[in-house]
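Trainee: One structure follows; several queries about it will come next.
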Amino acid sequence: MKSSALCLLFCLSLTAQFTQRGYLETTAIAYPETAPNDSSHAAGESLFRYEAFYKLTNFRFAGAVDARTDTHLETERTLDLSWWDRTRQRPAFTIRRLSVTYTRGKFTFEAGKQFIRWGKADVLNPTDRFAPRDFVNVIDTDFLGITAARLTYGTPSDSIDLVCAPRLTPSRVPLLNQRWAILPPGVPIHELDPALPGAPQYGARWNHIGAIAEYSFSFYNGFDNLPLYRAELRADLQRYYPQMRMYGADAAMPLGPVTFKTEAAYFTSTNPQADEYALYVLQLERQAGEWSFVGGYAGQVVTSHGNSLAFSPQRGFTRSFVAHAGYTIDTNRSLALEAIIRQNGNGILLKPEYTQSFGQHWRITAALAAIRGQPPDFIGQYHQNSHGILTVRYSF
Amino acid sequence: MNRLSVTWVSQQVSQQVAQALLPALFFLHLIPSFAQDPRQIIEEAQRRGRVTSQRYEGVLEVFSAANKVSKKSWTTDRLGSFGNSKAIIRFTAPAEVKGVALLVVNHPDRASDQWMWTPAIGRDRRIALQDRGTRFFGTDFSFEDLEERDVNQYDYRLTGEEPIDGAPCWRIEARPRQTKTSQYTFARIWVRKDNYVSAQYENFIQDQPVRRLHQTDIQNVQGIWTPRTLEMTDLRRKSRTILRLEKLEYNIPMQDEAFTVQALRQ
């Protein structure tokens with residue numbers, strides 16, 4: 001019996017694979033202008049991220065943790081380890097991912113905290129409903145993991161994704177006492193605890209890879225991960241997350257020298273306070289030599305207006321021309337430019353970026369985010385938040 | 001054949017060794033006499049390199065035109081051979097790109113399908129056919145160079161004999177039958193007469209040579225003559241990448257489901 005167990009352990013060790021990666025990143029941000037609710041000109045933050053993967057026969061275990069801090073209390077100062085990621089500030093310690101995946105034949109099942117990305121477009125993903133983000137800095141975001149179960153059936157030409165998430169992980173919104181929250185002047189705002197839904201969300205997506213195009217259809221039923229606000233008393237604001245149903249589709253098709261991608265979704269809600277609307281993206285993409293280019297248009301059609309105040313960068317960046325260009329100077333250096341330009345000219349975001357690697361582990365990124373526009377516009381309202389960014393990263 | 005060029009992972013990289021049995025020697029002795037047909041030479045080269053699977057760790061050195069060196073490494077798993085094979089390449093270094101992976105699904109009758117997984121954004125992206133002339137993650141291999149094609153996708157012409165590294169070789173010109181599916185107009189291949197290993201590839205756009213793959217350090221691994229060092233030179237950029245194959249194994253058990261887009265994400 002003992003020898004059998006030892007033999008089994010030995011066999012398991014032969015078939016197991018362990019990999020890990022991570023980085024320590026420190027970012028300095030300089031703002032030339034102050035904002036009405038934020039007098040700072042400089043901010044700093046550090047993030048340590050560690051990811052590990054362990055594969056054992058048909059099982060795969062994935063784990064990731066974040067530890068972070070900053071100079072401006074965007075991050076909590078407690079030692080709690082966050083699983084649900086529902087806190088107002090960024091948690092100092094987060095379980096970013098912890099999941100187990102089982103694969104058998106054409107089926108893959110993953111359960112636990114994980115990342116689920118839907119959609120094909122690069123400039124905006126209306127169908128990406130299981131991917132909440134950290135919008136504490138509205139133009140420099142990061143995805144948040146969600147707790148879910150995901151079953152995928154995949155063949156070389158088709159895949160079907162079924163997802164169920166027991167609780168909503170909301171996107172993290174800007175802090176009211178900081179510059180990325182734009183508040184009405186002279187009105188003291190008090191934020192109440194949010195009303196977070198307790199019901200599950202579920203969704204399905206079918207993707208087909210054809211000879212001339214790849215396309216998919218998706219469905220989501222649950223809650224918007226971006227909030228609406230209701231006013232309690234005079235200046236007490238409360239976030240809540242309205243019911244949402246999405247019908248989506250996306251496609252990618254090579255057309256001569258470029259690839260055409262499109263993605264669209266129609267959103268309905270049982271909550272009369274929420275808008276019903278469609279978002280769509282049309283984009284072209286091309287890589288040639290050292291250049292890569294993605295350019296397109298993100299649009300929005302509102303079919304029914306609600307009357308709640310909303311925070312929705314996803315919708316805020318629509319009705320815009322969006323482009324991303326990249327140039328690889330050499331194996332260690334690259335340039336990139338990101339641009340979002342509102343069709344009415346009331347908001348412009350330009351973000352040039354230079355990256356240089358040193359050896360096997362170090363990387364420095366210098367970027368500038370230039371924001372111009374008029375206050376009523378979603379992008380234009382951040383016209384005082386142009387900033388320079390310097391990031392040093394050590395990867396391992 | 002350009003594609004054949006980086007069949008490096010498989011085809012060129014893997015040539016079956018002559019068995020030490022008399023009948024086999026007899027046939028080997030006969031091969032040069034009828035193998036003057038370039039298509040037969042390529043078929044024989046592929047036959048000798050046929051394996052059920054392959055795994056190796058690739059250590060890469062990328063030399064810029066100014067001779068700056070950067071180092072990378074990846075692991076490669078490949079199931080099947082030539083036109084029907086599937087491969088996954090995963091970067092293991094530098095740390096910045098660790099986890100980036102490419103899935104190549106080859107087809108006997110058309111260009112391969114390719115998907116790239118970038119863990120930092122959690123997205124897989126299909127590499128469009130027209131984008132496959134792009135360099136693969138800062139190396140001198142293009143995405144197209146990472147696929148392998150069946151012998152039937154090319155027309156061959158024997159253009160002479162020429163030694164490479166002192167070994168007598170056939171020089172064969174290979175032109176893709178469907179020219180729209182390749183960045184290259186044609187390729188020249190130098191196949192060694194002694195072991196049918198491809199010693200060198202030169203890929204042309206119009207009449208200009210643009211990439212050269214030189215294969216050396218040929219060793220017998222599990223009965224397959226295999227070049228362990230591959231040097232790809234971008235003749236326009238004047239940069240080059242040296243790939244060394246380490247921990248190379250053939251015919252190890254692999255599962256088909258490990259070569260899907262779902263598996264790529266893991």
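Conditions (1) in a strand (DSSP E or B); (2) among the hydrophobic types (A, V, I, L, M, F, W, C); (3) more than 20 Å from the chain's Cα centre (by Cα); (4) surrounded by fewer than 18 Cβ atoms within 10 Å (Cβ to Cβ), marked per residue:
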{"position": "A:Asn221", "(1), (2), (3), (4)": "yes, no, no, yes"}
{"position": "A:Leu226", "(1), (2), (3), (4)": "no, yes, no, no"}
{"position": "A:Met244", "(1), (2), (3), (4)": "yes, yes, no, no"}
{"position": "A:Pro254", "(1), (2), (3), (4)": "yes, no, yes, yes"}
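Trainee: May I ask you to verify whether A:Pro184 is surrounded by fewer than 18 Cβ atoms within 10 Å (Cβ to Cβ), within 30 Å of A:Gly388 (Cα to Cα) and either more than 14 Å from chain B (Cβ to nearest Cβ) or in contact with a helix residue (DSSP H, G or I) (Cβ under 7 Å, 6 or more places away or on another chain) (or both)?
Mentor: Spelling it out, A:Pro184 is indeed surrounded by fewer than 18 Cβ atoms within 10 Å (Cβ to Cβ), within 30 Å of A:Gly388 (Cα to Cα) and either more than 14 Å from chain B (Cβ to nearest Cβ) or in contact with a helix residue (DSSP H, G or I) (Cβ under 7 Å, 6 or more places away or on another chain) (or both).
Trainee: Still on this structure, I have one more. Do you know which of the residues in segment A:122-151 that are within 12 Å of chain B (Cβ to nearest Cβ) and within 26 Å of B:Asp113 (Cβ to Cβ) is surrounded by the fewest Cβ atoms within 10 Å (Cβ to Cβ)?
Mentor: Quick first cut of segment A:122-151, residues within 12 Å of chain B (Cβ to nearest Cβ) only: A:122, A:125, A:128, A:130-131, A:133, A:141-146, A:150-151.
After this cut, where a residue has to be within 26 Å of B:Asp113 (Cβ to Cβ) as well, the list is A:122, A:125, A:128, A:130-131, A:150-151.
On the way: A:Asp122: 19, A:Asn125: 21, A:Asp128: 24, A:Phe130: 26, A:Ala131: 21, A:Arg150: 21, A:Leu151: 16.
For segment A:122-151, the residue satisfying everything is A:Leu151.
Trainee: Pairs only if they're at least six apart or on different chains, beta carbon under 6 angstrom, first in segment B:170-197 and farther than 11 Å from B:Ile42 by Cα, second in a loop (DSSP other than H, G, I, E, B) and modelled with pLDDT under 95; list them, first residue then second.
Mentor: Hits for this filter: B:Pro176/B:Ser182; B:Thr181/B:Ala111; B:Gln183/B:Gly133; B:Thr185/B:Gln206; B:Ala187/B:Met1.
Trainee: Taking A:Leu233 as the residue in question, decide whether it is over 19 Å from the mean Cα position of the chain (by Cα), more than 25 Å from A:Phe135 (Cα to Cα), within 14 Å of chain B (Cβ to nearest Cβ) and of a type outside the set (D, E, K, R).
Mentor: no
Trainee: So in segment B:125-157, with the set limited to residues that are acidic (Asp, Glu) and either closer than 18 Å to B:Ala87 by Cβ or in contact with a helix residue (DSSP H, G or I) (Cβ under 7 Å, 6 or more places away or on another chain) (or both), which one is nearest to the other protein chains (Cβ to nearest Cβ)?
Mentor: Residue satisfying both the conditions and the ranking: B:Glu144.
Trainee: On to the next question. Considering only segment A:334-382, state which residues are in a loop (DSSP other than H, G, I, E, B) and under 21 Å from the mean Cα position of the chain (by Cα).
Mentor: A:Phe378, A:Ile379
Trainee: Does segment A:343-372 hold any residues that are without any contact (Cβ under 8 Å) to a residue 60 or more places away in the chain, of a type outside the set (A, V, I, L, M, F, W, C) and closer than 19 Å to A:Phe293 by Cα, and which are they?
Mentor: A:Pro352, A:Glu353, A:Tyr354, A:Thr355
Trainee: Can you confirm whether segment A:188-209 contains a residue that is among the aromatic types (Phe, Trp, Tyr) and over 30 Å from A:His72 (Cα atoms)?
Mentor: Looking through segment A:188-209, at least one residue is among the aromatic types (Phe, Trp, Tyr) and over 30 Å from A:His72 (Cα atoms).
Trainee: Provide a single number: the residues in segment A:342-396 that are buried (at least 17 other Cβ atoms within 10 Å of the Cβ) and within 14 Å of another protein chain (Cβ to nearest Cβ).
Mentor: 7
Trainee: Report, by residue number, each residue of segment B:78-108 that is of a type in the set (D, E, K, R) and within 11 Å of chain A (Cβ to nearest Cβ). Outline the logic, then answer.
Mentor: Residues of segment B:78-108 of a type in the set (D, E, K, R): B:78, B:86, B:90, B:96, B:98.
Correct list: B:Lys86, B:Arg90, B:Glu96, B:Lys98.
Trainee: Quick check on my filter: what residues within segment A:78-126 are touching a residue at least 60 places away in the same chain (Cβ under 8 Å) and in a strand (DSSP E or B)?
Mentor: The one that is touching a residue at least 60 places away in the same chain (Cβ under 8 Å) and in a strand (DSSP E or B): A:Arg90.
Trainee: Right, here's the next one. Residue by residue through segment A:317-333, note down the ones that are more than 13 Å from every other protein chain (Cβ to nearest Cβ) and either over 22 Å from the mean Cα position of the chain (by Cα) or assigned to a strand (DSSP E or B) (or both).
Mentor: Scanning segment A:317-333 gives A:Ser320, A:Phe321, A:Val322, A:Ala323, A:Ala325.
Trainee: How many residues are crowded, with 23+ Cβ neighbours inside 10 Å, farther than 20 Å from A:His324 by Cα and among the aliphatic types (A, V, I, L, M) when one looks only at segment A:105-121?
Mentor: Residues meeting the conditions: 0.
Trainee: Still on this model: Mind telling me which of the residues A:Gly210, A:Gly198, A:Gly154, A:Gly203 ends up being touching a residue at least 40 places away in the same chain (Cβ under 8 Å), away from every other protein chain (no Cβ under 14 Å) and not hydrophobic (A, V, I, L, M, F, W, C)? Working first, answer last.
Mentor: On the way: A:Gly210 fails: away from every other protein chain (no Cβ under 14 Å); A:Gly198 fails: touching a residue at least 40 places away in the same chain (Cβ under 8 Å); A:Gly154 fails: away from every other protein chain (no Cβ under 14 Å).
Unique residue meeting the criteria: A:Gly203.
Trainee: Applying the selection to segment B:215-260, what residues are in contact with a helix residue (DSSP H, G or I) (Cβ under 8 Å, 6 or more places away or on another chain) and within 24 Å of A:Asn58 (Cβ to Cβ)?
Mentor: Across segment B:215-260, the qualifying residue is only B:Glu257.
Every residue, every condition in (1) small (Gly, Ala, Ser); (2) modelled with pLDDT of 95 or more; (3) buried (at least 18 other Cβ atoms within 10 Å of the Cβ), yes or no:
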position: A:Phe260; (1), (2), (3): no, yes, no
position: A:Ala264; (1), (2), (3): yes, yes, yes
position: A:Gly289; (1), (2), (3): yes, no, no
position: A:Gly296; (1), (2), (3): yes, yes, yes
position: A:Val302; (1), (2), (3): no, yes, no
position: A:Ala310; (1), (2), (3): yes, no, no
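Trainee: Take the residues in segment B:67-77 that are more than 10 Å from every other protein chain (Cβ to nearest Cβ) and closer than 14 Å to B:Phe136 by Cβ, then tell me which one is surrounded by the most Cβ atoms within 10 Å (Cβ to Cβ).
Mentor: Ranking the qualifying residues of segment B:67-77, first place goes to B:Trp74.
Trainee: Which condition breaks for A:Arg286 when tested against (1) more than 14 Å from chain B (Cβ to nearest Cβ); (2) within 28 Å of A:Ala339 (Cβ to Cβ)?
Mentor: Here A:Arg286 clears every test but (1).
Trainee: Tally time: how many residues in segment A:151-204 are under 30 Å from A:His383 (Cα atoms) and part of a strand (DSSP E or B)?
Mentor: 3
Trainee: Could you figure out which of (1) under 21 Å from the mean Cα position of the chain (by Cα); (2) within 14 Å of chain B (Cβ to nearest Cβ); (3) over 30 Å from A:Gly256 (Cβ atoms) isn't true of A:Gln314?
Mentor: (2)
Trainee: Report yes if B:Glu96 is more than 30 Å from A:Arg96 (Cβ to Cβ) and either at pLDDT below 95 or among the acidic types (Asp, Glu) (or both), otherwise no.
Mentor: Judged against the criteria, B:Glu96 is not a match.
Trainee: Another question, then. Hey, can you tell me all the residues within segment A:262-281 that are farther than 14 Å from A:Phe217 by Cα and either within 14 Å of chain B (Cβ to nearest Cβ) or in a loop (DSSP other than H, G, I, E, B) (or both)?
Mentor: The answer is A:Ser269, A:Thr270, A:Asn271, A:Pro272, A:Gln273, A:Ala274, A:Asp275.
Trainee: I'm trying to understand the selection: among the residues of segment B:234-257, which are crowded, with 16+ Cβ neighbours inside 10 Å and within 10 Å of chain A (Cβ to nearest Cβ)?
Mentor: Selection gives B:Arg237, B:Ser239, B:Thr241, B:Glu257.
Trainee: Turning to a different aspect of this structure: Hey, any hits in segment A:28-35 for a residue that's surrounded by 14 or more Cβ atoms within 10 Å (Cβ to Cβ), modelled with pLDDT of 95 or more, touching a strand residue (DSSP E or B) at 6+ places or on another chain (Cβ under 7 Å) and not hydrophobic (A, V, I, L, M, F, W, C)?
Mentor: Yes, some residue in segment A:28-35 is surrounded by 14 or more Cβ atoms within 10 Å (Cβ to Cβ), modelled with pLDDT of 95 or more, touching a strand residue (DSSP E or B) at 6+ places or on another chain (Cβ under 7 Å) and not hydrophobic (A, V, I, L, M, F, W, C).
Trainee: A further question follows. Which one of these does A:Ala252 not meet: (1) closer than 20 Å to A:Phe317 by Cα; (2) within 12 Å of chain B (Cβ to nearest Cβ)?
Mentor: Checking A:Ala252 against (1) closer than 20 Å to A:Phe317 by Cα; (2) within 12 Å of chain B (Cβ to nearest Cβ), the one that fails is (1).
The values are calculated or read from the model by the stated rules, or taken from the named source; none is laboratory data. Source: prediction; values computed, not measured. Cβ: placed from backbone, ideal geometry, glycine included. Neighbour counts: every protein chain shown.
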